[in-house]
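Read the figures in this text as sums done on the coordinates, not as results from a lab. Bear in mind that the values here come from a model prediction, so they are computed numbers and not experimental data. Virtual Cβ from ideal backbone geometry, glycine too; neighbours counted across all protein chains shown.
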Amino acid sequence: MGRILAFDYGEKRTGLAVTDELQIIASGLTTVATKKIFSFLTDYLKNETVELFIVGEPKQLNSKESESEQFIKPFIQKLKTTFPKIPIKRVDERFTSKIAFESMIQSGMKKKKRQNKALIDEISATLILQTYLQNK
């Protein structure tokens with residue numbers, strides 16, 4: 001069994017989360033500058049078997065596409081062409097950034113560390129992946 005890799009895609013940064021090989025636990029992996037995401041993935045996939053990509057799907061409260069979807073669709077297309085053997089699924093990511101920030105507060109994280117947007121992106125990717133695992 002391979003891992004599942006989730007993305008919280010952003011124009012500047014992309015948060016990544018991954019499962020264990022049994023696909024039971026979602027863990028934050030890292031945050032990568034979006035312009036370097038494909039070189040990161042190429043290196044990562046040399047050492048790890050990934051059987052599924054999960055990409056967050058931002059939606060508005062009325063369930064319509066978010067404006068950021070215009071940036072995510074080209075990313076998904078490039079993901080498909082660059083790694084054609086790995087299927088892609090989408091997961092609703094509404095409120096993940098807010099939930100990530102709230103979880104940082106509840107865990108007692110200091111204000112300085114909570115301002116780290118890269119960490120919020122990584123936690124958001126983990127929440128997206130956890131949502132997928134729970135609904136699987």
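Loop-located trypsin sites (Lys or Arg not before Pro) in the stretch 4-74 (DSSP state not H, G, I, E or B) with no more than 12 neighbouring Cβ atoms inside 10 Å: Lys12, Lys64. Remark: spin-label model distance Lys80-Glu48 equals 2.4 nm, labels positioned 7 Å along the Cα→Cβ axis. Counting 0.36 nm for each residue step from Phe38 to Glu11 and taking away their Cα separation leaves a gain of 8.3 nm. For the residue pairs Lys12/Lys73; Lys35/Lys136; Lys36/Lys136; Lys12/Lys136; Lys36/Lys78; Lys80/Lys136, the alpha carbons lie more than 25 Å apart in Lys35/Lys136; Lys36/Lys136; Lys12/Lys136.
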